[in-house]
Amino acid sequence: MIVVREFRDLCKRIVDTVCSVYVGDSTIVKKMLAACLSNGNVLFEDYPGLGKTLLAKVFAKAIGAEYNRIQFTPDLLPADITGTKVYRAGKFELVKGPIFTHVLLADEINRSPPKTQSALLEAMEEKQVTIEGETHVLELPFFVIATQNPVEQEGTYPLPEAQLDRFMLRLCPGYPESVEEEMEILNRRIEWRKDDPTEDVEPCVSIEEFRKMQEFVESSIYVSKSILKYIAELVRATRKHDFVEVGSSPRGGLALLKVTRALAAMDGRDYVIPDDVKAVAVDALAHRIILKVEKAVEGIRPEVVVEDVLKEVEVPKGDEKSRSVLS
Ligand SMILES: Nc1ncnc2c1ncn2[C@@H]1O[C@H](COP(=O)(O)OP(=O)(O)O)[C@@H](O)[C@H]1O
Ligand SMILES: [Mg+2]
């Protein structure tokens with residue numbers, strides 16, 4: 001069993017390793033780690049060339065996970081992901097697809113049609129795969145880190161709502177913030193003398209340690225009644241907002257709950273505070289919200305809705321530290 005301090009140090013090591021390659025705000029790395037600590041799937045969405053693939057690859061390496069990468073293309077088939085049965089020497093044998101791994105990097109996921117994208121649905125939610133009627137349970141940890149270009153880009157198939165809802169967080173790396181950051185990317189390239197800096201990244205925890213970290217988040221972080229109410233009210237407020245056709249699902253609330261526990265632990269606390277919830281509310285909820293057509297046409301983004309509900313819903317003060325229920 002690990003303790004809070006040890007957990008925090010391991011997290012710091014993972015974040016530092018990722019940031020030794022990725023230039024930018026470490027917040028996005030912490031959020032990615034928080035989601036993966038609860039086997040949550042992460043979607044990186046942004047314009048090409050902003051380090052999405054880089055982030056996914058370096059992260060998978062840093063946590064010592066076995067990982068496979070699938071480049072999604074228009075002609076990719078579901079069986080290319082899950083696997084298939086082949087007839088060999090008088091019987092059918094299972095040839096496992098790349099989904100049988102710990103971390104699946106689904107690169108440019110919206111370049112494949114929905115039928116192929118949906119081959120991931122069962123694995124993302126239920127951590128199992130059905131191939132020709134036979135169900136295979138995946139070894140944990142298992143999660144998908146997907147990247148995609150913004151939906152307006154040409155040659156893309158927007159992810160259907162059901163698929164989007166399976167992502168615990170949607171994160172957007174964004175452009176480098178300053179000329180210094182932009183120069184740092186160039187500088188590192190000169191130092192590395194190679195285009196793929198992830199080649200040299202060594203795991204900073206073992207996969208067993210990572211599993212223990214996941215267990216720790218699951219079993220040792222206290223969430224008070226008032227935090228639960230706060231999350232529930234935020235989720236419900238997204239459904240009532242004037243701009244919204246369809247608000248966040250209950251799965252959105254569960255995502256918030258799980259990520260906030262990991263964030264609290266990463267901060268060295270064994271209880272969740274309202275700031276943990278505020279920190280990831282947009283990342284956990286915005287992609288689950290469908291705006292009214294007229295609002296979407298005006299160019300309004302669902303992030304605005306989450307920012308509004310964060311202002312509206314009363315922030316709890318008080319009982320979050322109560323430890324009476326801590327197991
Ligand atoms: N923030 C960043 N830090 C370090 N390298 C970056 C960053 N953004 C982009 N790069 C570099 O730019 C190139 C493109 O990045 P990549 O991850 O393939 O982009 P994307 O998947 O978003 O299209 C890679 O060589 C990557 O190393
Ligand atoms: Mg890429």
Counted residues, the stretch 47-88 - those being under 15 Å from the mean Cα position of the chain (by Cα) and within 13 Å of ligand 2 (Cβ to nearest atom):
7
Given the residues Glu314, Glu233, which is the only one that is closer than 26 Å to Glu161 by Cα and out of contact with any Pro (no Cβ under 8 Å at 6 or more places or on another chain)?
Glu233
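Here is a check on your reading of the model: is Leu171 touching a strand residue (DSSP E or B) at 6+ places or on another chain (Cβ under 7 Å), surrounded by 13 or more Cβ atoms within 10 Å (Cβ to Cβ) and of a type in the set (A, V, I, L, M)? Quick ask: steps written out before the conclusion?
Numbers: touching a strand residue (DSSP E or B) at 6+ places or on another chain (Cβ under 7 Å): yes; surrounded by 13 or more Cβ atoms within 10 Å (Cβ to Cβ): yes; of a type in the set (A, V, I, L, M): yes.
Considered against the rule, which asks whether it is touching a strand residue (DSSP E or B) at 6+ places or on another chain (Cβ under 7 Å), surrounded by 13 or more Cβ atoms within 10 Å (Cβ to Cβ) and of a type in the set (A, V, I, L, M), Leu171 comes out as yes.
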Here the qualifying pairs (Cβ atoms under 7 Å; residues six or more apart or on different chains; first in the stretch 1-16 and under 22 Å from Lys61 (Cβ atoms); second among the hydroxyl-bearing types (Ser, Thr, Tyr)) come out as Val15/Ser26
Check on Lys85, away from ligand 1 (no atom under 16 Å from the Cβ), farther than 27 Å from Ile207 by Cα and among the charged types (D, E, K, R)
yes
Just one of the numbered conditions (1) closer than 29 Å to Phe7 by Cα; (2) part of a loop (DSSP other than H, G, I, E, B) is not true of Met213; which one?
(2)
Filter the helices (runs of 4 or more DSSP H) completely within the stretch 1-92 down to those with at least 2 residues that are in the same structural domain as Phe142 (by TED's automatic domain parsing) and surrounded by fewer than 16 Cβ atoms within 10 Å (Cβ to Cβ).
4-19, 26-36
Within the stretch 13-46, residues being under 19 Å from Glu209 (Cα atoms) and either more than 12 Å from the chain's Cα centre (by Cα) or hydroxyl-bearing (Ser, Thr, Tyr) (or both) number 7
Residues to consider are Asp46, Asp107; find the one that is within 16 Å of ligand 1 (Cβ to nearest atom), closer than 30 Å to Arg301 by Cα and in contact with a Pro (Cβ under 6 Å, 6 or more places away or on another chain).
Asp46
Any residue in the stretch 143-157 that is within 16 Å of ligand 2 (Cβ to nearest atom), in contact with a Phe, Trp or Tyr (Cβ under 9 Å, 6 or more places away or on another chain), small (Gly, Ala, Ser) and in contact (Cβ under 8 Å) with a residue 60 or more places away in the chain?
yes
Restricting the search to the stretch 218-239, which residues are more than 25 Å from Val304 (Cβ to Cβ), among the small types (Gly, Ala, Ser) and surrounded by fewer than 20 Cβ atoms within 10 Å (Cβ to Cβ)?
Ser219, Ser220, Ser226
Name the one entry in Gln117, Gln148 that is touching an Asp or Glu at 6+ places or on another chain (Cβ under 6 Å) and farther than 25 Å from Ile207 by Cβ.
Gln148
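For the stretch 224-308, which fully contained helices (runs of 4 or more DSSP H) count at least 3 residues that are in contact with a His (Cβ under 6 Å, 6 or more places away or on another chain), of a type in the set (D, E, K, R) and closer than 18 Å to Lys321 by Cα? Write out each step before concluding.
Working: elements: 225-240, 250-266, 274-285, 293-297.
Per the criteria, no element qualifies.
The values are calculated or read from the model by the stated rules, or taken from the named source; none is laboratory data. All of these numbers come straight from a predicted model, not from anything done at the bench. Every residue, glycine as well, gets a Cβ built from its backbone with ideal geometry; the counts of neighbours run over all protein chains shown.
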